[in-house]
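Colleague: Let me give you the structure first, and then I'll get to my questions.
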Amino acid sequence: MAKDWFRNEDWNASIARGFEEKLGRARKKEQYLRIQACTLAATYPEVALQLLDRYFTMSDSFDHAQAYVDRATAFKALGRIEEAADAYEAALTRETEFPNLRTHAYLELPVLVATEGLRSRFDRALTILDEQADRLMFPVDHFLWHAARALIVASRGDRDAACPHAQTALKAAAKDHSGFRYHPGVGLVTEKHRGLLKDIAALGAHTGR
């Protein structure tokens, strides 16, 4: 089955030319720009940012929250961590204004703050976790929520308080079933979380003084 023309995983002059030709004939240009940017955000971040800049100049604002998350992904890939955090904040602001379309910024921002040691944002990250705790659904959600809190608390010097959260995160990571009958493999912790798992494992093994 042929891939959608707006989901290219590679990018070069030829692919860009083909994309622009089809985009020129498309009616919902915003949607296609945003999806293509999302597909490229981690691997071709500069291209993704250019596409997103174009997206944000257009009139349809329906997908703004996810577009900000895509922008954050691109900034992370470029090592522009503070800008990534700001993009996640923009996503959360957008969700407050339009709550019918929500993203995973409420987890991704605290995890970014925790793993990058953005101490000036620790209080904000913990507030987000507290305010959004009722949104946790899948094992990976519980893993990220508790992992972020564990790392932040530990960074503040309280490994005893961090340990239970780390252990809860590890239990969530060990689950091999989503808890949903018809979608058992959705929302599980995967290989892409390996680095975070390693950090949390050390905290989970902490037994205090």
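The values are calculated or read from the model by the stated rules, or taken from the named source; none is laboratory data. Here the structure is a predicted model, which means the values were calculated and not measured. With ideal geometry, Cβ positions are generated from the backbone for all residues, glycine too; neighbour counts draw on all protein chains shown.
Colleague: With respect to the numbered conditions (1) more than 23 Å from R194 (Cα to Cα); (2) surrounded by fewer than 22 Cβ atoms within 10 Å (Cβ to Cβ); (3) in the same structural domain as W11 (by TED's automatic domain parsing), which one is the sole condition not fulfilled by R124?
Modeller: Result: R124 passes all but (3).
Here is a yes/no grid of residues against (1) of a type in the set (V, I, T); (2) closer than 26 Å to A90 by Cβ:
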residue	(1), (2)
V113	yes, yes
D134	no, yes
H165	no, no
R194	no, no
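Colleague: Suppose we filter A154, A148, A74, A114 for residues that are more than 24 Å from R34 (Cα to Cα), in contact with a Pro (Cβ under 8 Å, 6 or more places away or on another chain) and in a helix (DSSP H, G or I); which single one remains?
Modeller: Details: A154 fails: in contact with a Pro (Cβ under 8 Å, 6 or more places away or on another chain); A74 fails: more than 24 Å from R34 (Cα to Cα); A114 fails: in contact with a Pro (Cβ under 8 Å, 6 or more places away or on another chain).
None of the others qualify; the one that does is A148.
Colleague: Would you mind stating whether I200 is in contact (Cβ under 8 Å) with a residue 40 or more places away in the chain, out of contact with any His (no Cβ under 7 Å at 6 or more places or on another chain), over 29 Å from P99 (Cα atoms) and hydrophobic (A, V, I, L, M, F, W, C)?
Modeller: Working: in contact (Cβ under 8 Å) with a residue 40 or more places away in the chain: yes; out of contact with any His (no Cβ under 7 Å at 6 or more places or on another chain): yes; over 29 Å from P99 (Cα atoms): yes; hydrophobic (A, V, I, L, M, F, W, C): yes.
For I200, the condition - in contact (Cβ under 8 Å) with a residue 40 or more places away in the chain, out of contact with any His (no Cβ under 7 Å at 6 or more places or on another chain), over 29 Å from P99 (Cα atoms) and hydrophobic (A, V, I, L, M, F, W, C) - is met.
Colleague: Output the residues belonging to region 184-201 that are in contact with a helix residue (DSSP H, G or I) (Cβ under 7 Å, 6 or more places away or on another chain) and not in a helix (DSSP H, G or I).
Modeller: G187, L188, V189
Colleague: So which residues in region 50-71 are within 20 Å of T96 (Cβ to Cβ) and more than 19 Å from the chain's Cα centre (by Cα)?
Modeller: Applying the first criterion (within 20 Å of T96 (Cβ to Cβ)) to region 50-71 yields 56, 60-71.
F56, D60, S61 - these are the residues of region 50-71 that are within 20 Å of T96 (Cβ to Cβ) and more than 19 Å from the chain's Cα centre (by Cα).
Colleague: Quick check: is even one residue across region 7-21 touching a residue at least 12 places away in the same chain (Cβ under 8 Å), of a type in the set (G, A, S) and within 30 Å of S120 (Cα to Cα)?
Modeller: no
Rundown of residues vs (1) assigned by TED's automatic domain parsing to the domain that holds W145; (2) aromatic (F, W, Y); (3) farther than 21 Å from W145 by Cβ, yes/no style:
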residue	(1), (2), (3)
D70	no, no, yes
F75	no, yes, yes
E82	no, no, yes
F98	no, yes, yes
E108	yes, no, no
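Colleague: How about region 29-62: which of its residues are assigned to a loop (DSSP other than H, G, I, E, B) and either touching a Phe, Trp or Tyr at 6+ places or on another chain (Cβ under 9 Å) or surrounded by 13 or more Cβ atoms within 10 Å (Cβ to Cβ) (or both)?
Modeller: So the first thing to find is which residues in region 29-62 are assigned to a loop (DSSP other than H, G, I, E, B), and the list is 41-44, 57-62.
Once the filter is applied, which keeps residues that are assigned to a loop (DSSP other than H, G, I, E, B) and either touching a Phe, Trp or Tyr at 6+ places or on another chain (Cβ under 9 Å) or surrounded by 13 or more Cβ atoms within 10 Å (Cβ to Cβ) (or both), region 29-62 yields A41, A42, T43, Y44, M58, S61, F62.
Colleague: For the list (1) assigned to a loop (DSSP other than H, G, I, E, B); (2) surrounded by fewer than 18 Cβ atoms within 10 Å (Cβ to Cβ), I need the number of the one condition that N8 fails.
Modeller: N8 satisfies every listed condition except (2).
Colleague: (1) assigned to a loop (DSSP other than H, G, I, E, B); (2) at pLDDT 95 or above: which one isn't true of H165, the others all being true?
Modeller: Result: H165 fails condition (1) only.
This table checks each residue for (1) among the aliphatic types (A, V, I, L, M); (2) out of contact with any strand residue (DSSP E or B) (no Cβ under 8 Å at 6 or more places or on another chain); (3) free of Cβ contacts under 8 Å to residues at least 40 places away in the same chain.
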position: Q31; (1), (2), (3): no, yes, yes
position: A37; (1), (2), (3): yes, yes, yes
position: Y55; (1), (2), (3): no, yes, yes
position: A65; (1), (2), (3): yes, yes, no
position: E82; (1), (2), (3): no, yes, yes
position: D86; (1), (2), (3): no, yes, yes
position: A105; (1), (2), (3): yes, yes, no
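Colleague: Residue pairs, Cβ under 6 Å, 6 or more apart or interchain, first in region 158-185 and surrounded by 17 or more Cβ atoms within 10 Å (Cβ to Cβ), second among the charged types (D, E, K, R) and outside any loop (DSSP other than H, G, I, E, B). List them.
Modeller: So the pair list comes out as H165/R149.
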